[in-house]
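Q: Pasting a structure below so you can have a look.
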Amino acid sequence: MSAADVLSLDAVDKVYRPRRREPVHAVKGLSMEVRPGETVALLGSSGCGKTSTLRMIAGFEAVTNGAIAIKGRPIHQLPPAKRNVAMAFEGYSLYPPLTVRDNIAFALKSARLPKAEEGRRVQDVAALLEITDILDRYPSSISGGQQQRASLGRALVREADLYLLDEPMGQLEPQLRAILRGRLKHYLRERRMTSVLVTHDQTEANALADRIAVMEGGVLQQIATPRELKERPANLFVGTFIGEPPMNVLETRPEQANGRIRFAIAGGQAFDYAESEVAPPLRAALAARAAVTLGIRPHAIHLGQPRLRARVLSNQWLGDQTHVAAEIAGRLIVAVAHQRVAARVGEEIPFDVAASDLHLFDSQSGAVIAHGGRPT
Amino acid sequence: MARLELKGLAKSFKNGAVLDGVSLAADAGEIVVIFGPSGTGKTLLLRLIAGIYDADQGAVFVDGEDMTDVAPDHRGIGMAFQNFALFPHMSAFDNIASPLAARHLAPAAIRDGVERVARLLKIDQVLAHAPRELSNGQKQRTALARALAGAPKLLLLDDPLRNVDAKLRFEMRLELPPLLRQSGSTVLYVTQDYKEAMALADRIAVLIGGRFVQVAPPDEIYRLPETVQVARLFGDPTINLIEVTPHSAGNGVAVTIGNTTVPIGEQYRAAAGSAALLGIRPEAIRIGAVDAGAIAADVVAVTPLNERLVTLLKTADGHELLASQPAGERAAEADSKVGLQFMRDDILLFDRASGQRLKAANGAGAS
């Protein structure tokens, strides 16, 4: 923890104790920091603990153990209103008797702005979120997606130490989504706003966040930039959870002989490299292992270049990218290319993966052994 | 395998027409994806073909035979639905066997038929289970297996991947084409997911407002959409649309975006002076250095999207544009100034009032 952090969580636990049922340990020993001006996404599937975490930061849930501080000030025992946090979430809804405009303006009241300035800020955020035409409507007469954006607007116009955003772009039609993501990212960065957003949608997390905290089973698996998560996943869970299409996974048997390192798979084929392609410490790490799980990103599979062979199952052009599925040793592997690929269904095609693109995981624990032929 | 023809199918309910003269000819063994926004009558169309509803007008022909007076269970049709619709009191085996049992096949033949299709769909381990004991993915495979088991002439699949999670939907999208080919059935497949449509279809039939707006192979729909509406339904991010008025420039025709004159080729001469929409897909915009021929823009934000990088840009005259490039390439700096090039061959022009794509003269841009 550093005094310069806007938000810090220190060994936070959340245990729910429902009556007559087993307690649920929703968040386990969570420690993380959010730095000034940073956007951090809490990402995971339902039940991973991300929403409980957000609600503890907001003050809607008590912390079972541990501490939460905002700008160095412990806040986990303060009521929500004393935390100086702006929120947009489900269940923290718009005031029904006020129009969308007044809902957003209400959040500015405490700033005591001149009327014209208040109006300008409401207009700006409404234009950003494409809700200008519903400013004079009441919450009950607009769609769920519009309510969500109005609630987001109300949070964004406020002055606060921290912004908490729950699935901010959840119900958006695809035509608007990409533009609004870009605008929101720009808005947050331009104003140096510090925010935590919660989502189950990795495309949203990747698009908006400076760093992503991947959660599973109440445990923080890894917190890193989107790029680091892809290139250096901490374990097999993160490796296969992050990335669309997902990382290819193959069980292999490492072998070292005659100056070569081979990762043998079922069916007699192997990922076969000269020792010089693989860093020396990795050779040592492999020597004691009978089995290694290989992870390979779809874009790292180079079709048409010799090393291994696979049988093409489908070749799907999606307008801006190709997904080729092929079968090797009874497993499906997927390659992505950004142009069309001349691979016919049913044919055997060669493919290559550079040693530097291999991710190696422990076959039992899923812990990472090495990325890119280099041990971690 | 059968040839399917729909001739002028129309159906309306009290609250208005849903299908308004739908015609289509599908070759034997072809996979045609019926694609469109929700509420456009895709499911209704399948029900008319299956004989669950009668059409007000028009008819369905299978191998040239009018199906109007043929009962649903004699039409040689297999169906699977987004809600699986398995018989809850029957095991997966019995569910899959039901179309075979209805034909009074010998028990050994039924067992062979069920096991063959179950192996293909990787559910041979769960055949004894009741539907409530199956995961969503297994239920969906069981429903597909039941539809395939009878080796129907026509297979009608109503958004079968809708209710399974994203990972499984992706895997099934890759595995389905060979399965469908192997079945030999002529397939009509309904979906609202453009990627699924492009991945599975021999041809896509785009259903909007109760009519097929375009019926064509996926690549043609993507590159040469008939209308703005079709263009916007395919692609992620969606196609960029800019209001322009083409004008003569030297020997050709050009549009002005920001302060930059962008030549769009002589083939659009007929469009000069008209109110048009220029369509350019995000992957057809190249981001480069500021330069005389390029459209000047500010980089608003870079937002990664799966294997690609999406950049939101703003031109001097306030247009917001999205560009998309492979994730491995160098990203533009946020807040920097850049120059944009539109790939000339990928520029589309639409009539602003009707939304119809303007066809280039002498075939260029339309081949």
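Q: Determine which member of the set B:VAL33, B:VAL70, B:VAL22 is aliphatic (A, V, I, L, M), at pLDDT 95 or above and within 15 Å of B:LEU154 (Cβ to Cβ).
A: It is B:VAL33.
Q: Got a number for residues in segment B:265-291 being out of contact with any Lys or Arg (no Cβ under 8 Å at 6 or more places or on another chain), more than 27 Å from B:ASP236 (Cβ to Cβ) and among the hydrophobic types (A, V, I, L, M, F, W, C)?
A: Number of matching residues: 4.
Condition check ((1) within 12 Å of another protein chain (Cβ to nearest Cβ); (2) among the small types (Gly, Ala, Ser)) across all residues:
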position: B:TYR189; (1), (2): no, no
position: B:GLU196; (1), (2): yes, no
position: B:ALA199; (1), (2): yes, yes
position: B:ASP202; (1), (2): no, no
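Q: Need at least 2 residues that are more than 14 Å from chain B (Cβ to nearest Cβ) per element, so show me which helices (runs of 4 or more DSSP H) inside segment A:184-267 make the cut, counting only ones lying wholly within it.
A: Once the helices (runs of 4 or more DSSP H) in segment A:184-267 are filtered for at least 2 residues that are more than 14 Å from chain B (Cβ to nearest Cβ), what remains is A:236-241.
Q: Kindly indicate whether B:ILE285 is in contact (Cβ under 8 Å) with a residue 24 or more places away in the chain, within 14 Å of chain A (Cβ to nearest Cβ), under 26 Å from the mean Cα position of the chain (by Cα) and buried (at least 19 other Cβ atoms within 10 Å of the Cβ).
A: Here the answer is yes, as B:ILE285 does meet what is asked.
Q: Being surrounded by fewer than 19 Cβ atoms within 10 Å (Cβ to Cβ) and either in contact with a Gly (Cβ under 9 Å, 6 or more places away or on another chain) or without any contact (Cβ under 8 Å) to a residue 60 or more places away in the chain (or both) is the filter here; which residues of segment A:274-288 pass it?
A: Scanning segment A:274-288 gives A:ALA274, A:GLU275, A:SER276, A:GLU277, A:ALA279, A:PRO280, A:ARG283, A:ALA284, A:ALA287, A:ALA288.
Q: Let me ask something additional. Scanning segment A:309-327 for residues that are of a type in the set (A, V, I, L, M, F, W, C) and at pLDDT 95 or above, which turns out nearest to B:GLU283 (Cα to Cα)?
A: A:LEU318
Q: Restricting attention to segment B:122-134, does a residue exist that is touching a Lys or Arg at 6+ places or on another chain (Cβ under 8 Å) and not hydrophobic (A, V, I, L, M, F, W, C)?
A: yes
Q: Spot the failing condition for A:GLY295; the list is (1) more than 14 Å from chain B (Cβ to nearest Cβ); (2) surrounded by fewer than 20 Cβ atoms within 10 Å (Cβ to Cβ); (3) under 20 Å from A:ILE242 (Cα atoms), and only one is missed.
A: For A:GLY295, the exception is condition (2).
Q: Further, regarding this structure: So in segment A:308-322, with the set limited to residues that are more than 7 Å from chain B (Cβ to nearest Cβ) and not β-branched (Val, Ile, Thr), which one is farthest from B:MET172 (Cα to Cα)?
A: Per the criteria, the residue is A:LEU308.
Q: I would also like to ask the following. List every residue pair whose Cβ atoms sit under 6 Å apart, with the two residues 6 or more apart in sequence or on different chains, where the first one lies in segment B:197-214 and is polar (S, T, N, Q) and the second, anywhere, is surrounded by fewer than 21 Cβ atoms within 10 Å (Cβ to Cβ).
A: Hits for this filter: B:GLN214/B:GLU226.
Q: In addition: Would it be correct to say that B:GLY339 is more than 11 Å from every other protein chain (Cβ to nearest Cβ), outside any loop (DSSP other than H, G, I, E, B), touching a residue at least 40 places away in the same chain (Cβ under 8 Å) and under 26 Å from the mean Cα position of the chain (by Cα)?
A: no
Q: Since B:GLU333 meets every condition but one in (1) within 25 Å of the chain's Cα centre (by Cα); (2) at pLDDT below 95; (3) surrounded by fewer than 16 Cβ atoms within 10 Å (Cβ to Cβ); (4) not in a helix (DSSP H, G or I), which condition does it not meet?
A: Failing condition for B:GLU333: (1).
Q: Still on this structure, please answer the following. Going by the structure shown, is B:LEU100 in contact with a helix residue (DSSP H, G or I) (Cβ under 6 Å, 6 or more places away or on another chain) and under 25 Å from B:GLY29 (Cα atoms)?
A: In short, yes.
Q: For A:ALA325, which of the numbered conditions (1) within 14 Å of chain B (Cβ to nearest Cβ); (2) crowded, with 21+ Cβ neighbours inside 10 Å; (3) out of contact with any helix residue (DSSP H, G or I) (no Cβ under 6 Å at 6 or more places or on another chain) fails to hold?
A: The failed condition is (3).
Q: Looking only at residues that are polar (S, T, N, Q) and surrounded by fewer than 21 Cβ atoms within 10 Å (Cβ to Cβ) in segment A:148-183, which one is farthest from the other protein chains (Cβ to nearest Cβ)?
A: Taking the candidates together, the pick is A:GLN171.
Matching residues to (1) under 30 Å from B:LEU180 (Cβ atoms); (2) touching a His at 6+ places or on another chain (Cβ under 8 Å); (3) aromatic (Phe, Trp, Tyr):
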position	(1), (2), (3)
A:ALA285	no, no, no
A:LEU294	no, yes, no
A:GLY304	yes, no, no
A:VAL368	no, yes, no
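Q: Do you know which residues across segment B:289-307 are more than 18 Å from A:LEU180 (Cβ to Cβ) and either aromatic (Phe, Trp, Tyr) or buried (at least 21 other Cβ atoms within 10 Å of the Cβ) (or both)?
A: Listed by number, the residues that qualify are B:ILE295, B:ALA297, B:GLU307.
Q: Still on this structure, please answer the following. Which of the residues belonging to segment A:103-160 are among the polar types (S, T, N, Q) and over 27 Å from A:PRO80 (Cα atoms)?
A: Scanning segment A:103-160 gives A:GLN123, A:THR132, A:SER141, A:SER143.
Q: Another question about this same structure. Report yes if B:ARG162 is surrounded by fewer than 19 Cβ atoms within 10 Å (Cβ to Cβ) and part of a loop (DSSP other than H, G, I, E, B), otherwise no.
A: Yes, satisfied.
Q: Follow-up. Give just the number: which of (1) assigned to a strand (DSSP E or B); (2) surrounded by fewer than 22 Cβ atoms within 10 Å (Cβ to Cβ); (3) facing chain A (nearest Cβ under 9 Å) does B:THR261 not satisfy?
A: Only one criterion in (1) assigned to a strand (DSSP E or B); (2) surrounded by fewer than 22 Cβ atoms within 10 Å (Cβ to Cβ); (3) facing chain A (nearest Cβ under 9 Å) is unmet by B:THR261, namely (3).
Q: Return the residue satisfying two criteria in turn: it lies in segment B:105-122 and is within 34 Å of the chain's Cα centre (by Cα) and free of Cβ contacts under 8 Å to residues at least 40 places away in the same chain, and of such residues it is surrounded by the fewest Cβ atoms within 10 Å (Cβ to Cβ).
A: B:ARG119
Q: Only one of these conditions is not met by B:PRO178: (1) farther than 24 Å from B:PRO72 by Cα; (2) of a type outside the set (D, E, K, R); (3) touching a helix residue (DSSP H, G or I) at 6+ places or on another chain (Cβ under 6 Å); (4) within 14 Å of chain A (Cβ to nearest Cβ). Which number is it?
A: (3)
Q: Is it the case that segment B:185-195 has a residue that's over 26 Å from A:VAL312 (Cα atoms), touching a strand residue (DSSP E or B) at 6+ places or on another chain (Cβ under 8 Å) and not hydrophobic (A, V, I, L, M, F, W, C)?
A: Yes, segment B:185-195 contains a residue that is over 26 Å from A:VAL312 (Cα atoms), touching a strand residue (DSSP E or B) at 6+ places or on another chain (Cβ under 8 Å) and not hydrophobic (A, V, I, L, M, F, W, C).
Q: While we're on this one: For segment A:233-263, how many residues meet the condition of being surrounded by fewer than 19 Cβ atoms within 10 Å (Cβ to Cβ) and either of a type in the set (D, E, K, R) or closer than 27 Å to A:TYR187 by Cα (or both)?
A: Qualifying residue count for the region: 6.
Q: Out of the residues in segment B:219-252 meeting the condition of being assigned to a strand (DSSP E or B) and in contact with a Leu (Cβ under 7 Å, 6 or more places away or on another chain), tell me which one is surrounded by the fewest Cβ atoms within 10 Å (Cβ to Cβ).
A: Ranking the qualifying residues of segment B:219-252, first place goes to B:GLU243.
Q: Given the residues B:GLY265, B:GLY279, which is the only one that is outside the structural domain of B:ILE34 (by TED's automatic domain parsing) and modelled with pLDDT of 95 or more?
A: B:GLY279
The values are calculated or read from the model by the stated rules, or taken from the named source; none is laboratory data. Remember, it's a predicted structure, so these values are computed and weren't measured experimentally. No Cβ is skipped: glycine too gets one built from the backbone with ideal geometry, and neighbour counts run over all protein chains shown.
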